[in-house]
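The values are calculated or read from the model by the stated rules, or taken from the named source; none is laboratory data. These numbers come from a predicted model, not from an experiment. As a convention, Cβ positions derive from the backbone with ideal geometry for all residues, glycine included, and neighbour counts pool all protein chains shown. The protein model used for the area step is the full one, side chains on, heavy atoms only, and it has no ligands, DNA or RNA in it. Shrake-Rupley method; radii C 1.70, N 1.55, O 1.52, S 1.80 Å.
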Amino acid sequence: MSIIILGIESSCDDTSAAVIKDGVLLSSVIASQAVHEAYGGVVPELASRAHQQNIVPVVHEALKRAGVAKEELSAVAFTRGPGLMGSLLVGVSFAKGFSRALGIPMIEVNHLQGHVLAHFISEEGEEPHQPSFPFICLLVSGGNSQIIRVDAYNKMEVLGQTIDDAAGEAIDKCSKVMGLGYPGGPIIDRLARQGNPEAFTFSKPHIGGYDYSFSGLKTSFLYSLREWVKEDPEFIEHHKTDLAASLEKTIVDILMDKLRKAVKDTGIKEVAVAGGVSANNGLRNAFREHARKYGWDIFIPKFGYTTDNAAMIAITGYFKYQDKDFCPIDLPAYSRVTIK
């Protein structure tokens, strides 16, 4: 009998639903929220209200595109956390009602675990390219920067993580300082392709182990910019492509230095990247260069699976369903947690 999982993702500002049948993606629908652009960041109250408006039509459309009736579903998987509590509550509450109405089990998913397992999403008619266990995953997004050893879908160990700002957060804040808009990641990425990455030098952290720090880089970028703008009020406009390229290079160098150390120390050469920042062109190029130079077998997700999406929640739910790893209906959402 087929296993059909409905995945629901509502951890931040994207409402998403996806349907997976026997490990193969049938549909993935995402409703984004443009309202936050005017504020330079996600406004939690506005996000939760938008989720309330979007959740029913998004789930309906995902089932319609998949050609699946709700009565055919085996289980509903949902993001339990981490994320914005108001946003999470919309998805969690919907999943509880859906589960109770249909008499099907609920499967709670850690959002970060979902990002890692996005590499196992299969599409019809495509030959899957998936990592073998164990592998090392660099998870980089607006809220997280972690190096994770993955021994099984349900056995992950954080080897290193940011002790302050995440890489994506640093990019967004530097973009805001330059007056480029929000979200900063795609803007910086686009400008960086036209600039000189060696034009400017910014501070890099010196901390031991595999942990990251991006607060010093952010401060260095801000103070440097202030001095340059004092001398030339149009400095940012005249040098924005070079600033973007130099900022991107610095962040990628920091990420890859620690990742390279983790791969060398563990001896694991299957290496994946996940999370929103994995869509960055500079980081993808660095991965390909390291694959050539160090003999890594690399795994880079499709752009559609880099940002928050329900397909990664559904595939995680599919794995957990096979182990009958269900959760009680009274399980609460959580806003802050890491992969254990």
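Roughly what angle does helix 235-266 make with the longest principal axis of the chain, taking Cα atoms, 0 to 90 degrees, to the nearest 10? The two axes meet at around 60 degrees. GNM remark for the chain: springs join alpha carbons under 10 Å apart, and the peak mean-square fluctuation among Lys173, Lys320, Lys64 falls on Lys64. In the chain, Cα pairs under 8 Å separated by at least six residues give a relative contact order of 25 percent. Averaged per residue, the chain has 44 square angstrom of accessible surface, using a 1.4 angstrom probe with ligands and nucleic acids left out.
A simple spin-label model places the labels of Thr201 and Tyr294 2.4 nm from each other, with each point 7 Å out along Cα-to-Cβ. Taking the average, over residues, of other Cβ atoms within 10 Å as the packing measure, peptides 307-314, 85-92, 293-300, 255-262 rank 307-314, 85-92, 255-262, 293-300 from highest down. This model, with +1 at the C-beta of Lys and Arg and -1 at the C-beta of Asp and Glu, gives the chain a dipole about its Cα centre of some 400 debye.
At a 1.4 Å probe, what is the % contribution of carbon and sulfur to the accessible area of region 102-261?
With neighbouring chains kept in place, the figure for region 102-261 is 47 percent.
Note on surface exposure: Val263, Val158 rank Val158, Val263 by accessible area, highest first, 1.4 Å probe.
When the charge dipole of region 129-188 is built from unit charges on Cβ atoms (+1 for Lys and Arg, -1 for Asp and Glu) and taken about the Cα centre, the candidate among Val158, Ile147, Pro183 whose Cα reaches farthest toward its positive end is Pro183. Think of the chain as a dipole: +1 on every Lys or Arg Cβ, -1 on every Asp or Glu Cβ, centred on the Cα centre; then among Ala62, Val43, Cys137, Cys137 lies furthest on the positive end. Where [x] 132; [y] 143; [z] 159 are the candidate values, the label of the one calculated here for volume of the Cα convex hull per residue in Å³ is [x]. Annotation for Val337 and Ile163: the two label points, set 7 Å from Cα along the Cα-Cβ direction, are 2.6 nm apart. For the chain, adding -39500 (n - 2.57) for each run of n ≥ 4 DSSP H residues and dividing by the number of residues yields -14000 deg cm²/dmol at 222 nm. Distance between the modelled labels on Glu234 and Ile3, one decimal in nanometres: 6.2 nm (7 Å Cα→Cβ projection).
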